[in-house]
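Let me begin by presenting the structure, written as C-alpha cells, before commenting on it.
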Amino acid sequence: MVSLSARGFVIVTTMACFRAHRLFPTTCRGIGSGGTANADRASDGSVQPQRRSHGGVVALLVLLTLTLTVVSACAGEVPEVPVGPDGVPDAQLVVGRSIYSGQCARCHGSSGGGGTGPKLSDGRVTEKYTDIVEEIAVVAGGLNAMPSFAGGLSRYEIEAVVRYTREVLD
C-alpha cells in the first residue's frame, strides 16, 4: 500500500513530467496536436509533417514508473497500536494512529524516522519534550515549518496523536 507521502511524491513527479513536456516540446513533437500544427514547410511551400518522436514521453513514463516502484517499496506502514492487558488496543491511541497516518507521516515518516520533518522515534520526542504538555503545545500551535493543527483537530485528537508519538513511535 502506498502511503500519502508516496502519493504526494508521485503527484509532484507527474507534474514535473508535464512541465518538462511544456518546457521542451521538441522532445515530444506532435504529442497532443493534430493536423499540421507541428509541420515544416518544404521549399516549394507544401506542408511536410514532422516525424513524431515519442522517445521523450516514453522516457518520462519510465522514470515515473520507476519512481512509483521505488517509493512504494520504501513506503512503510504506520505502526499498529499494541493491544492492552485486556486484549484491546487503547481507543485514543487508535485515533492517534489514524491522525498520524493522515497528517504527520508525510513529513515525519511512517514510523517516525524523519523526512522533511524531524525524527520522532527512538526516544527523540520524550527526550525533547519531557512534559507531554509541551508537545501538545507544538502540535496545536505549530513550530517552524510545521503547521498549527489547532484549527483542524480537536483537543482530544491532538492529545491522541501526541500520545501515539510518545507511546507507540517512541
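I'm told Val138 meets every condition in (1) outside any loop (DSSP other than H, G, I, E, B); (2) under 18 Å from the mean Cα position of the chain (by Cα); (3) closer than 11 Å to Thr165 by Cβ except one. Can you identify the failing condition by its number?
Checking Val138 against (1) outside any loop (DSSP other than H, G, I, E, B); (2) under 18 Å from the mean Cα position of the chain (by Cα); (3) closer than 11 Å to Thr165 by Cβ, the one that fails is (2).
Of the numbered conditions (1) of a type in the set (S, T, N, Q); (2) free of Cβ contacts under 8 Å to residues at least 40 places away in the same chain; (3) not in a helix (DSSP H, G or I), Ser98 satisfies every one except a single condition; which is it?
Exception for Ser98: condition (3).
Only one of these is closer than 14 Å to Asp170 by Cα and either touching a Pro at 6+ places or on another chain (Cβ under 6 Å) or modelled with pLDDT under 95 (or both): Val58, Val125, Val62, Val70. Name it.
Being closer than 14 Å to Asp170 by Cα and either touching a Pro at 6+ places or on another chain (Cβ under 6 Å) or modelled with pLDDT under 95 (or both) holds for just one of Val58, Val125, Val62, Val70, which is Val125.
Restricting to the stretch 144-170, name every residue that is among the hydrophobic types (A, V, I, L, M, F, W, C) and either assigned to a loop (DSSP other than H, G, I, E, B) or surrounded by fewer than 12 Cβ atoms within 10 Å (Cβ to Cβ) (or both).
Passing the criteria: Ala145, Phe149, Ala150, Leu153.
Lys119 is checked against (1) touching a residue at least 24 places away in the same chain (Cβ under 8 Å); (2) in a loop (DSSP other than H, G, I, E, B) and fails just one. What number does that condition carry?
So the condition that Lys119 fails would be (1).
The values are calculated or read from the model by the stated rules, or taken from the named source; none is laboratory data. Small disclaimer: the values here were computed from a predicted structure and weren't measured. Cβ atoms come from the backbone with ideal geometry, glycine included; neighbour counts cover every protein chain shown.
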